[in-house]
Amino acid sequence: NAGDIEYRQIRGGSVDSQELFTTLTTGNQYFLVTDFEELARQPELERQLAGFAVLFHGDNYVIFDLERPAGS
């Protein structure tokens with residue numbers, strides 16, 4: 001979450017959002033979002049997820065297909 005990223009930065013660590021996203025999603029087919037406020041605090045994650053197709057969505061969730069680019 002955004003707090004974890006901020007904590008790393010405060011401790012002097014750098015956060016490469018693309019590398020972190022790749023590390024956390026490797027081997028996964030889907031990415032589930034249920035906390036839209038948290039997603040809004042991570043604009044880089046929003047940009048990365050925008051590159052993937054939405055598999056399902058409802059009022060309280062969005063499931064991104066990490067194996068399909070957006071628009072396909």
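The values are calculated or read from the model by the stated rules, or taken from the named source; none is laboratory data. Just so it is clear, the model here is predicted, and its values are computed rather than measured. Don't worry about glycine lacking a Cβ; one is built from the backbone with ideal geometry, like all the others, and counts go over all protein chains shown. Please note that ligands, DNA and RNA were not included when accessible areas were found on the heavy atoms of the full protein model with its side chains. Shrake-Rupley method; radii C 1.70, N 1.55, O 1.52, S 1.80 Å.
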Taking the range 1-55 as the region of interest, how many residues are hydrophobic (A, V, I, L, M, F, W, C), surrounded by 12 or more Cβ atoms within 10 Å (Cβ to Cβ) and modelled with pLDDT under 95?
7
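Scan the range 56-72 for residues that are part of a strand (DSSP E or B), open to solvent by 70 Å² or more (accessible area, probe 1.4 Å) and either in contact with a helix residue (DSSP H, G or I) (Cβ under 9 Å, 6 or more places away or on another chain) or touching a residue at least 12 places away in the same chain (Cβ under 8 Å) (or both) and jot them down.
Our first condition is that a residue be part of a strand (DSSP E or B); within the range 56-72, this holds for 56-58, 61-69.
Next cut, open to solvent by 70 Å² or more (accessible area, probe 1.4 Å) only: 56-57, 61, 67-69.
Answer for the range 56-72, where residues must be part of a strand (DSSP E or B), open to solvent by 70 Å² or more (accessible area, probe 1.4 Å) and either in contact with a helix residue (DSSP H, G or I) (Cβ under 9 Å, 6 or more places away or on another chain) or touching a residue at least 12 places away in the same chain (Cβ under 8 Å) (or both): 61, 67, 68, 69.
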So, first residue aliphatic (A, V, I, L, M) in the range 35-51, second residue open to solvent by less than 80 Å² (accessible area, probe 1.4 Å) and not in a helix (DSSP H, G or I), Cβ within less than 7 Å, six or more apart or across chains; the pairs are 39/33; 49/31; 49/64; 50/70
